Amino acid sequence: MLSVRGLEVRYGRSVTALEEIDLDVGPDGVLAVLGGNGAGKSTLLRAVSGTLRLHGGAVAAGEIRFRDERIDRLDPAEIVRRGVVAVPEGRQVFARMTVEENLRAGGLGARSAAVRTAARARVAELFPVLAERATQRAGLLSGGEQQMLAIGRALMSGPDLLLLDEPSLGLAPQMVGRIARIVGEIHAQGTAVVLVEQNATMALEVADTAVVLEVGRVALAGPAAELAASDDVQRLYLGGH
Ligand code: ATP
């Protein structure tokens, strides 16, 4: 469904953030993207969602295909219309708007009213807490609730591929577990997911395949269970020896 080949991304002339990246996500897959600070994880999501230019970056080589069509030259709104939606790092809900208004804003990207109605029902089922807080300002929610709202807002357009940038960042362990279960449910409902995480334990539990980025290159790739068992991943990302 998503296929990245030979991707190279640069910021300006001097920074090469990604090089020779190849990866695939199947229609019902969850791909975990692991790696330390500055490895290029956010850059990868920006390239797929078309938002690189907003950050001064550009695709210098290679291609990104979604459902066999090139998307690496499309603008972000068109990529959303094709069914790829990102939840950026730091959640970025509209703090002064209510929960309900945030969700409605997400629904503007839906292909049709029917898609929007189905998405609304799905979000209500996945996140009962958002219905309880519908009239509250988003900025007053807890960090975990804001993350749920950010994911719910993204789901409102009925995406086929959801891109999540560090959803567990800054959350208490219990909330990380909740977010992980929600990602699992979203996947079980037929939406593919790319999950960028520093929390490798969480990501490898949820994902079926994984890649490890190191300074802009794919250092390891394979089934999530295999990576979880590998000595390198154990040592570097899972606190093993
Ligand atoms: P983190 O977990 O810290 O967000 P990351 O794996 O997501 O790290 P990126 O943010 O994608 O890494 O950064 C990859 C490289 O690109 C780093 O060397 C970073 O300094 C550089 N970079 C990222 N954004 C920009 C930008 N807007 N302008 C210039 N360089 C950038």
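With a 1.4 Å probe and every protein chain kept in, tell me what percent of the accessible surface of the chain is carbon plus sulfur. The C+S portion of the solvent-accessible surface of the chain is 50 percent. Rounded to the nearest 20, the size of the Cβ-charge dipole of segment 1-149 about its Cα centre is 500 debye, with Lys and Arg at +1 and Asp and Glu at -1.
Computed with a 1.4 Å probe over protein heavy atoms only, the accessible surface of the chain comes to 46 Å² per residue. Using bins 5 angstrom wide from zero, how does P(r) for segment 2-121 break down, in % of all Cα pairs? Taking all Cα pairs of segment 2-121, the binned fractions are 2, 10, 18, 21, 20, 14, 9, 5, 1, 0 percent.
Tell me the trypsin sites (Lys or Arg not before Pro) within segment 72-107 that lie in a loop according to DSSP and have at most 14 other beta-carbon atoms within 10 Å.
Values: sites: 73, 81, 82, 91, 96, 104; in loops: 73, 82, 91, 96.
Filter output for segment 72-107: 73, 96.
Per the Kirkwood treatment, what hydrodynamic radius in Å, one decimal, follows for segment 154-240 from the mean inverse distance over all distinct Cα pairs? This gives a value of 13.7 Å. Each Cα pair under 8 Å and six or more residues apart adds its separation to the average, and for segment 68-225 the resulting relative contact order is 24 percent.
Backbone geometry of segment 156-165 corresponds, through the Karplus equation with coefficients 6.51, -1.76 and 1.60 at θ = phi - 60°, to 3J(HN,Hα) couplings of 4, 8, x, x, 9, 9, 10, 10, 10, 9 Hz, x marking Gly and Pro. Residues whose amide H comes within less than 5 Å of that of residue 136, counting only those at least five positions distant or on another chain, are 99, 100 (H built at 1.01 Å from N in the peptide plane).
Let's test the formula: R0 of 35 Å, r as the Cβ-Cβ distance of residue 68 and residue 121. What FRET efficiency results, to the nearest 0.05? Walk me through the intermediate numbers first.
Details: r = 30 Å, r/R0 = 0.86.
Given R0 = 35 Å and the Cβ-Cβ separation, E is 0.70.
Taking label positions 7 Å along the Cα-Cβ direction at both residue 81 and residue 94, the computed distance is 2.1 nm, reported to one decimal. Each residue, residue 37 and residue 134, gets one label point 7 Å from its Cα in the Cβ direction; the gap between the two is 4.3 nm. Once divided by 2.2 N^0.38 Å, the Cα radius of gyration of segment 15-80 becomes 1.11.
What does the convex hull of the alpha-carbon atoms of the chain project to on average, in nm²? Intermediate results must be reported in sequence, preceding the final value.
Details: hull surface 49.2 nm².
Averaged projected hull area, Cα only: 12.3 nm².
What are the semi-axes of the equivalent ellipsoid of segment 84-172, taken as the square roots of 5 times the eigenvalues of the Cα gyration tensor, listed largest first and rounded to whole Å?
Values: eigenvalues 72, 46, 23 Å².
The three semi-axes for segment 84-172 are 19, 15, 11 Å.
The values are calculated or read from the model by the stated rules, or taken from the named source; none is laboratory data. Owing to the predicted nature of the structure, the values given are computational and were not obtained by experimental measurement. Cβ: placed from backbone, ideal geometry, glycine included. Neighbour counts: every protein chain shown. When the accessible area is computed, the model is the full protein with side chains, heavy atoms only, and any ligands, DNA or RNA have been set aside. Shrake-Rupley method; radii C 1.70, N 1.55, O 1.52, S 1.80 Å.
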